[in-house]
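Reviewing the structure listed below.
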Amino acid sequence: RIGDEPEDGKWLYHNILGVHDSSVTKVSYNSYGWWYVENGVVNFNFYGLAPNAWGWWYCEGGLVNFSFTGLVRQYGCWWYVKEGRVDFDYTGTATNENGTWYVKNGMVDFSFSGTYAGHTYSYGRQVQ
């Protein structure tokens, strides 16, 4: 868990014994929210997806954004995020500034060409 009080200007991750653990990189929490921890310290400059035992989370400035729903690009793929969490169960469509996309199991499927919900898709992108 992340301490509620900064130490030397940093929020540190503490293990179950209350000792700072610099080996930890994951999403964790304190009373101020869920945060991205990198090498045992909250990284306030992190933007992107990061895991913990409950899933993969979208972070902005190190803080999980539970209000965000949309597509996020990371690791060479586009992922469907619902309320801050990658939704690996989602199959359907999602729209961003580049168009409307076919999503399968939470990831834009660039190999999909065909019809879905009455619309035609080519390489995952809606064309009509």
Practice problem: State to the nearest 20 debye the size of the charge dipole of the chain about its Cα centre, where the only charges are +1 on K and R beta carbons and -1 on D and E beta carbons. | Solution: 460
Quiz item: Can you give the extra length, in nm with one decimal, that the chain gains between N98 and H20 once fully stretched, where that is 0.36 nm per residue apart less the Cα-Cα distance?
Solution: 23.8 nm
Quiz item: Which one of W101, L71, P6 has its Cα pushed farthest toward the positive end of the charge dipole of the chain, where Lys and Arg give +1 and Asp and Glu give -1 at the Cβ?
Solution: W101
Quiz prompt | For the stretch 121-128, Karplus couplings with θ = phi - 60° (6.51, -1.76, 1.60), whole Hz, Gly/Pro x | solution = 10, 10, 6, x, 9, 5, 10, 7
Practice problem: Calculate one ³J(HN,Hα) per residue across the stretch 45-57 by plugging θ = phi - 60° into the Karplus curve 6.51 cos²θ - 1.76 cosθ + 1.60, and present them in order as whole Hz with x for glycine and proline. | Solution: 9, 7, 10, x, 9, 8, x, 8, 5, 9, x, 10, 10
Quiz item: Relative contact order (percent) for the chain, with alpha-carbon contacts under 8 angstrom and 6 or more residues of separation?
Solution: 13
Quiz item: Sequence-distant or interchain residues sharing an amide H contact under 5 Å with M107, placed H: which?
Solution: Y80
Quiz item: Nearest 0.05, what FRET efficiency do V127 and N39 give at R0 = 30 Å with Cβ-Cβ as r?
Solution: 0.10
Quiz prompt | Reachable lysines from K104, criterion Cα separation under 19 angstrom, eight or more residues apart if same chain | solution = K82
Practice problem: May I ask you to order 55-65, 7-17 by the average number of other C-beta atoms within 10 Å around their residues, highest value first? | Solution: 55-65, 7-17
Quiz item: For the stretch 56-128, what ratio Rg/Rh do Cα atoms give with a Kirkwood hydrodynamic radius?
Solution: 1.00
Self-check item: Charged-residue dipole, Cβ positions (Lys, Arg, Asp, Glu), the stretch 66-128 about Cα centre, Debye nearest 20
Solution: 80
Self-check item: For C77, distant residues with modelled amide H under 5 Å away
Solution: none
Practice problem: Would you grab the residues whose amide H sits under 5 Å from the one on Y29? Only those 5+ places off in sequence or on another chain, please, with H modelled 1.01 Å from N. | Solution: I2, W35
Exercise. Write down the accessible area per residue of the chain in Å², having rolled a 1.4 Å probe over the full set of protein chains.
Key: 59
Quiz item: How many angstrom lie between the C-alpha centres of the stretch 1-44 and the stretch 87-128?
Solution: 37
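The values are calculated or read from the model by the stated rules, or taken from the named source; none is laboratory data. Since the model is a prediction, treat every value here as computed from it, not as a measurement. Cβ sites come from the backbone with ideal geometry, for glycine too, and all protein chains shown count toward neighbours. Just the protein is used for accessible areas: all its heavy atoms, side chains included, with ligands, DNA and RNA removed. Shrake-Rupley method; radii C 1.70, N 1.55, O 1.52, S 1.80 Å.
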